[in-house]
1. Can you confirm whether the stretch 201-212 contains a residue that is on the phi > 0 side of the Ramachandran plot and of a type in the set (Gly, Ala, Ser)?
2. So, in the stretch 162-194, exactly how many residues are surrounded by 16 or more Cβ atoms within 10 Å (Cβ to Cβ) and either part of a helix (DSSP H, G or I) or in contact with a Lys or Arg (Cβ under 9 Å, 6 or more places away or on another chain) (or both)?
3. Residue pairs, Cβ under 9 Å, 6 or more apart or interchain, first in the stretch 326-351 and in contact (Cβ under 8 Å) with a residue 24 or more places away in the chain and under 17 Å from GLY128 (Cα atoms), second in a helix (DSSP H, G or I) and polar (S, T, N, Q). List them.
4. Can you find a residue that is under 18 Å from ALA411 (Cβ atoms), open to solvent by less than 60 Å² (accessible area, probe 1.4 Å) and assigned to a helix (DSSP H, G or I) anywhere in the stretch 324-340?
5. For a quick check of your reading of the model, give me the residue pairs whose first member lies in the stretch 465-486 and is open to solvent by 40 Å² or more (accessible area, probe 1.4 Å), whose second is modelled with pLDDT of 70 or more and among the polar types (S, T, N, Q), with beta-carbon atoms closer than 6 Å and at least 6 apart or on different chains.
6. Residue check, TYR70 against (1) open to solvent by 30 Å² or more (accessible area, probe 1.4 Å); (2) assigned to a helix (DSSP H, G or I); (3) over 27 Å from ILE284 (Cβ atoms), all met but one. Which one?
7. Just the residues that are touching a strand residue (DSSP E or B) at 6+ places or on another chain (Cβ under 6 Å) and under 23 Å from GLY352 (Cα atoms), please, taken from the stretch 228-258.
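The values are calculated or read from the model by the stated rules, or taken from the named source; none is laboratory data. As the structure is a prediction and not an experimental result, all values here were calculated from the model. Note that we place each Cβ from the backbone using ideal geometry, even for glycine, and neighbour counts take in every protein chain shown. Heavy atoms of the whole protein, side chains included, go into the accessibility calculation; ligands, DNA and RNA do not. Shrake-Rupley method; radii C 1.70, N 1.55, O 1.52, S 1.80 Å.
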Amino acid sequence: MTPEPARLQQPAQGSPLIVRVLVLLLGVALLVGVPISISARLIAGRAIEDATLSRLTAARAIKASRIESYLAQIRAEVDVLAQLPETAVAIQDMSAAFDVIEPTASGTAATRTFVEEVFAPGFGAATGQSIPPDAVLPDDPRALELQSIYIAANPNPIGRKDELVSADVDLAYDEAHATAHPILRALQRRFGYYDVFLVDERGTVVYTVFKEIDFGTNLLDGPFRDSGLADAVRTVLDDRASDAIAFSDFSMYRPSNDAPAAFLAAAVSRGGRRVGAVAVQLSIDEIDETMTGGGMWIEEGFGRSGETFLVGSDGMMRSDARGLIESPEAYLRRSAAGGVSGDAVESMRRTGRSVLLQRVDDDAVRAALAGESGDRLVTGRDGRELLASFQPLDVFGERWAVVSRIERDEAFAGADRLRATILSIGGGVLLLVLLISVIAGRRLVAPISRLHEAMNGLESGDYAVRVTPGGGRELTSLAVAFNRVAATLGLKSRMAAANDRKDALIDEIAALTATQASGAIQVAGAVTEISAGSREIAKTAEELTVTMTEVDGIAGETSGRGAQGLESIRRVETAMGGVVGDAEQVSDHLGEIERRCEAMGQVVSTMVSIADRTQILSINATMEAEKAGDAGLGFRVVAREVRRLADRTAESASRIEENVGRMLSSVEEGVRRMDDFRGRLDDAASLTGRVADDLSQVIERTQDLGPRFATVLESMKAQRDAARQISEAMAELNDNVGSTRDAVKTVDNSIADLRELSEKIRAEIAEEAVRLGL
């Protein structure tokens, strides 16, 4: 078949004209509008984000500055308090007065009763934990006496014990307390401390403003020696510098019902000699008030989710979380889901605080604790994305982190809205340009589109398609030429269709002939293989018949010999039983011999005993003969002979005893070996019985094979006869296949002649198409 010209085989290249026009117009719009929209979106959005971040950073810096000022102020106040002469005088006077306190049994009992009935229940209610009284009671009876006067007997309730200035008791301590207490209490209230402590050089807390159960205890070896207050005081007392100062970070302080407490202590000296230390207990409320802004987060610009908080070097919060204050149950649920322990969650619920209970461990906190400042996006414990601004904070040598953060969605909400607005406006302009482009483009390319549709129809085989002339001179001429070409192609198509139909019929006949020829060859091959297989089956069946006959005879012979072997094994089993009985009798006789030997040994023992006594008797007789002198000479001779006889008797008895012992050992060995022999005989008899049982089963199964072998033999004979019949049928089928193959060759020659004629007609049609330029 002659191929079509290459120019007619090329498919349409590129996109439609209408698309090109629309793309051109839309590209111009995008080239102008997109850069403007993107620039406006980025610049405006970034400006709002920068403003939000700057506001968050400023809030963080203000909070940090306030905390730094607060801590610097406390340090200055404590320094001044430590330098006041009145402080040193108060410590010395109260320490001396403490030394001369005479403890009483009633005072000790009153203090214990107060701890058991007032402090311990209050501690349990505040912490959810029980505490034994001995864990907080001091060992020094003077301290117990002091607590009984100023705490247990104090008429004011807990939390207002500081209102007692004088206990009206005849004590030098009460006079010193009445002098110093009003001044120190005024300082405590003025500066916002939780408590003020005076500690002498031995570590004894000789004075507190608030009068908790740490009053009068020793911080070096007392019940609170492991507290933060003890750490700060111990550091100051160990430092010999006159201006020594020490800070103990927030930790749970038991005398204050395990409330978070930090301590700042300074050395107190007088006349160049260290007299003790003054310490203040920092209230977490002051720091919390600064960080939370009194709960006015929205007024401070933190919106609905922002906050600023402190984190200590241990990663635990040093101020309360906003969520715990505003929505405690929701905050506690998020904390529990985020991995906070059940005890910590329960403590936060009970106290309403997250200080020292909530750990914050995100990128911002870690960076701040590493000494870095900046801002970044972090992921909260509950999976929310947060914008965080952070910086380190130096707290008396301890590094804390100050973090201000707000939810990212809220922080950038204005920027996101502006971006969305710009995107909406740009999208609207783009749609308008697209609509105008579509309308103008359609009017411009409509005539060309009609001609293109007609060409598509012609290409798909619709030679009846026609184009209405119009749309200008050039397009009209093009439409007339198209209609002429369509008519010519229609004629050619009908001629080609007739020729293709003829070719298709030839191909179908050829395919059928080839299929029949191939089938005949395959059938011939299969017949040959089946014939060979049938002969092989017949031969195999014949051999199997002979083999099965031999196997049947062998099975019968095996069954008979197995019965004889079973009878022999039964006789062996009976003989083994007799041998076992004889072995038992021999074992019994050996046992009897053993018992006789033992009895003989007892007799020999008796002889030895008699010989011993006879020897003793001869010795006594000799002694009596010696006493009698010459009159006992004959008696002495008799005694000597008796003694020789006793010696020989003892010697003989010893040899007899030795022989009996050897014989007894031999008998025992014989008994043991006979027992072993009897055991092996029992095992052999048992094994023989099992062999007999197994052989019985083999004989039974061998006897069952006889009928089955007969059945198989009959089946083999039937299979042999069937194979012979199949071989004869295959020979006849092979003859028929040979005849079919000859007929197929004849038809194939005729198809070849017809195909040659068809090719000549196709070549003539192709030449005609070339002449027409198609």
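1. Yes, the stretch 201-212 has at least one match.
2. 13
3. Listed pairs, sorted by first residue: SER347/THR127; MET348/SER335; ARG350/THR127; THR351/THR127.
4. No, because not a single residue in the stretch 324-340 is under 18 Å from ALA411 (Cβ atoms), open to solvent by less than 60 Å² (accessible area, probe 1.4 Å) and assigned to a helix (DSSP H, G or I).
5. Short answer, once both residue conditions are applied: ARG466/ASN483; PRO469/THR476.
6. (3)
7. GLY228, ASP249, PHE250, TYR253, ASP258
Condition check ((1) surrounded by fewer than 21 Cβ atoms within 10 Å (Cβ to Cβ); (2) part of a loop (DSSP other than H, G, I, E, B); (3) out of contact with any Ser or Thr (no Cβ under 8 Å at 6 or more places or on another chain); (4) of a type outside the set (A, V, I, L, M)) across all residues:
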site	(1), (2), (3), (4)
GLU372	yes, yes, yes, yes
VAL378	no, no, yes, no
LEU387	no, no, no, no
ARG399	yes, no, no, yes
VAL402	no, no, no, no
